[in-house]
Structure formats: C-alpha cells, structure tokens
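Some notes on the structure that comes next.
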Amino acid sequence: MLRISKGIGLVLTLLMISAASLARAELVVIGHPSLPVNELDLQKVKDIWLGKVKHLASNAPVRPIDQGPGSKVRDDFYMKSLDKSPQQVKAYWARVTFTGKDEPPLNLGDDAAVRAWVANHPDAIGYVDSAAADSSIKVLFKFK
C-alpha cells in the first residue's frame, strides 16, 4: 500500500511540474524604447541574432544580447527563433568568429540582467520571459 502511495505522489509531483512549465509566460523580444521600430518579424529576429542584420530602420544600429549559457529562456529562444539547439548556435558562432567576420551577441545572466541592459543601451535588443517585460523597454516580437 505504501509503495502505491509513493508512486502516486511521484506522478502528482511530475504533473505539477509539467503544469507549471506550461503556465510559463511567453517569450518576447525587447528593445530600447528609442529604437526606430515598434515590431519585428521572425525572420528579422533570426537575422539579427545570426549577425546578418546590424541596422534597423533609419540605419539605426542594433546589438543583440543573449542570456547566459544554460538558461532555459535562452534555449527556448534559440529553438523558437533560430530553429537550432544551443550547441548548434555555439558551433555557428565558432565558425563565424574563427573567420573574423563577426562576434557573437553579448551574454548576460538572466531576464533581469537583459532587461536592465536593454533599458540602458539605445542600440540593444534582447529576449526575456514576458513576465519580465516592463515599461523600461518595448516589446518588439512575441513568440506564439
């Protein structure tokens, strides 16, 4: 009887963890309020994070900011925007850096660090869980 109760408890715990991850807010791309665009499409987001786009409208420079390695938000962003795993993105940037063509985005710790950086740097663009977005930045893209 005790063995069944432990098994049910484990199942309930796993279900609660799964439900919590499903309840997670959506991922958003954020920018400094002074950026001359109010929204981006998925292709533009991809091109910015792969270093293929360096300027937005009116030739305004844009600098992508990444969350730190191992971040769940970072992993989700790579899969949703670039359709690549973190290892594939790391390999991509290793090739690009080796050839001297570009440098990867700056790595910061988490949602709060990215939001603070973007809010204080006019050329910055980053991604955070939508729950971390506030009036210090503007949301440029929402993942569905």
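Only one residue in 96, 114, 118 is of a type in the set (A, V, I, L, M), in a helix (DSSP H, G or I) and over 26 Å from residue 37 (Cα atoms), so which one is that?
Values: 114 fails: over 26 Å from residue 37 (Cα atoms); 118 fails: over 26 Å from residue 37 (Cα atoms).
Result: 96 is the single residue among 96, 114, 118 that is of a type in the set (A, V, I, L, M), in a helix (DSSP H, G or I) and over 26 Å from residue 37 (Cα atoms).
Output yes when any residue across region 100-117 is hydrophobic (A, V, I, L, M, F, W, C), touching a Pro at 6+ places or on another chain (Cβ under 6 Å), under 21 Å from residue 41 (Cα atoms) and open to solvent by less than 40 Å² (accessible area, probe 1.4 Å), and no when none is. No, region 100-117 contains no residue that is hydrophobic (A, V, I, L, M, F, W, C), touching a Pro at 6+ places or on another chain (Cβ under 6 Å), under 21 Å from residue 41 (Cα atoms) and open to solvent by less than 40 Å² (accessible area, probe 1.4 Å).
Only one of the numbered conditions (1) crowded, with 17+ Cβ neighbours inside 10 Å; (2) over 23 Å from residue 132 (Cβ atoms); (3) touching an Asp or Glu at 6+ places or on another chain (Cβ under 6 Å) is not met by residue 96, and that is (1). Of the residues making up region 121-139, those that are among the hydrophobic types (A, V, I, L, M, F, W, C) and part of a loop (DSSP other than H, G, I, E, B) are 133, 137.
Condition check ((1) among the aliphatic types (A, V, I, L, M); (2) open to solvent by less than 20 Å² (accessible area, probe 1.4 Å); (3) closer than 16 Å to residue 124 by Cβ) across all residues:
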{"position": "29", "(1), (2), (3)": "yes, yes, yes"}
{"position": "48", "(1), (2), (3)": "yes, yes, yes"}
{"position": "66", "(1), (2), (3)": "no, yes, yes"}
{"position": "70", "(1), (2), (3)": "no, no, no"}
{"position": "88", "(1), (2), (3)": "no, no, no"}
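For region 23-50, give me each residue that is under 18 Å from residue 90 (Cα atoms) and in contact with a Pro (Cβ under 8 Å, 6 or more places away or on another chain). Full working, then the answer.
Of the residues in region 23-50, the ones under 18 Å from residue 90 (Cα atoms) are 45-50.
48, 49 - these are the residues of region 23-50 that are under 18 Å from residue 90 (Cα atoms) and in contact with a Pro (Cβ under 8 Å, 6 or more places away or on another chain).
Those residues that are hydrophobic (A, V, I, L, M, F, W, C), open to solvent by less than 30 Å² (accessible area, probe 1.4 Å) and either free of Cβ contacts under 8 Å to residues at least 40 places away in the same chain or outside any helix (DSSP H, G or I) (or both), I need them from region 72-86; list them, please. Give the derivation first.
Residues of region 72-86 hydrophobic (A, V, I, L, M, F, W, C): 73, 77, 79, 82.
Narrowing further to those that are open to solvent by less than 30 Å² (accessible area, probe 1.4 Å): 73, 77, 82.
Within region 72-86, 82 is the sole residue that qualifies.
The values are calculated or read from the model by the stated rules, or taken from the named source; none is laboratory data. Every value quoted in this text rests on a predicted model; they were computed, and no experiment measured them. Because the Cβ atoms are built from the backbone with ideal geometry, glycine has one as well, and the counts that use them run over all protein chains shown. Surface areas here come from the heavy atoms of the whole protein model, side chains and all, with no ligands, DNA or RNA. Shrake-Rupley method; radii C 1.70, N 1.55, O 1.52, S 1.80 Å.
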